[in-house]
Amino acid sequence: MAKLPRERLYLTPVEAAELLMVSTASIRLWASKGLLPAQVTAGGHRRFLMRDIYAFARTRDIAIKTRQNRDLRVLIVDDDRQLRGYLAELLAEQPGIETVEVAVDGFDAGQKVVGFQPDLILLDIMMPGMDGFETCSRLKGDITTRHIRLVAMTGYGSQNNVDRILLAGAEICLSKPLDKNRLFMALGIA
């Protein structure tokens, strides 16, 4: 699989094609028709936001290439015990989810990532100690964990918070209380 950029914010056409399991010609065609949003560099090259790739795949029922296209291993990171429990139960029952683990904060998440090896982290951004912004930045800044998909969630969905977590490397930021259908779509299991 193509190596993704350090922050994993923008993908080249080759990287986007690898994730969507299509040719680069398909990626370029979709971008030229305006079906797949693209940024154009000063040198005239297309770059794709990770969240746009996932949104495009969801709307067209295209599978995203995972390590082995297997069910997801999900790590839920939230300091709210009730919400953690609810999400763990909810996700464990869903097709497309292999297993679910929970962490109480960013430090706990860092320890669990090593042994659990999640494909996706559902991350609260407002937590005591190491918050979601720092957790996301550290995970995306580490070569061994930057491939992990991050879906943020918050009860404090100001534009500033949303912009900060997306800039740190999250694909999307969901507002609490969570809408189940939107959650499932963001995780790619809808």
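Structure notes:
- Any hit, the range 142-163, residues being touching a helix residue (DSSP H, G or I) at 6+ places or on another chain (Cβ under 7 Å), under 26 Å from LEU19 (Cβ atoms) and part of a helix (DSSP H, G or I): no
- Index of the failed condition, PRO118 passing every other in (1) free of Cβ contacts under 8 Å to residues at least 40 places away in the same chain; (2) buried (at least 21 other Cβ atoms within 10 Å of the Cβ); (3) in contact with a Lys or Arg (Cβ under 9 Å, 6 or more places away or on another chain); (4) under 23 Å from ILE53 (Cβ atoms): (1)
- The listed residues are LEU166, LEU174, and the only one of them that is in the same structural domain as ASP78 (by TED's automatic domain parsing), within 21 Å of ARG58 (Cα to Cα) and in a helix (DSSP H, G or I) turns out to be LEU166.
- Restricting the range 1-30 to residues that are at pLDDT 90 or above and closer than 28 Å to LEU183 by Cβ, the residue that is surrounded by the most Cβ atoms within 10 Å (Cβ to Cβ): ILE27
- Residues (of a type in the set (A, V, I, L, M, F, W, C) and either surrounded by fewer than 16 Cβ atoms within 10 Å (Cβ to Cβ) or out of contact with any strand residue (DSSP E or B) (no Cβ under 9 Å at 6 or more places or on another chain) (or both)) located in the range 134-143: ILE143
- Top-ranked residue in the range 70-115 [being within 19 Å of LYS180 (Cα to Cα), at pLDDT below 95 and among the polar types (S, T, N, Q); ranked as surrounded by the fewest Cβ atoms within 10 Å (Cβ to Cβ)]: THR99
- From the list ASP78, ASP61, ASP71, the one residue that fits, being among the acidic types (Asp, Glu) and within 23 Å of THR154 (Cα to Cα), is ASP78.
- Pair list, Cβ under 9 Å, 6 or more apart: the range 34-50 residue within 20 Å of ARG149 (Cβ to Cβ), other residue among the polar types (S, T, N, Q): ARG47/THR12; ARG47/GLN39; ARG47/THR41; PHE48/THR12; PHE48/GLN39; LEU49/GLN39
- Selection within the range 144-175: residues that are in contact (Cβ under 8 Å) with a residue 24 or more places away in the chain and more than 13 Å from the chain's Cα centre (by Cα). The member of this set that is surrounded by the fewest Cβ atoms within 10 Å (Cβ to Cβ) is TYR156.
- Residue list for the range 86-117, filter: under 20 Å from MET130 (Cβ atoms) and charged (D, E, K, R): GLU101, ASP105, ASP108, LYS112
The values are calculated or read from the model by the stated rules, or taken from the named source; none is laboratory data. Treat the numbers as computed from the prediction; the structure is a model and nothing was measured. We place every Cβ from the backbone using ideal geometry, glycine too, and count neighbours over all the protein chains shown.
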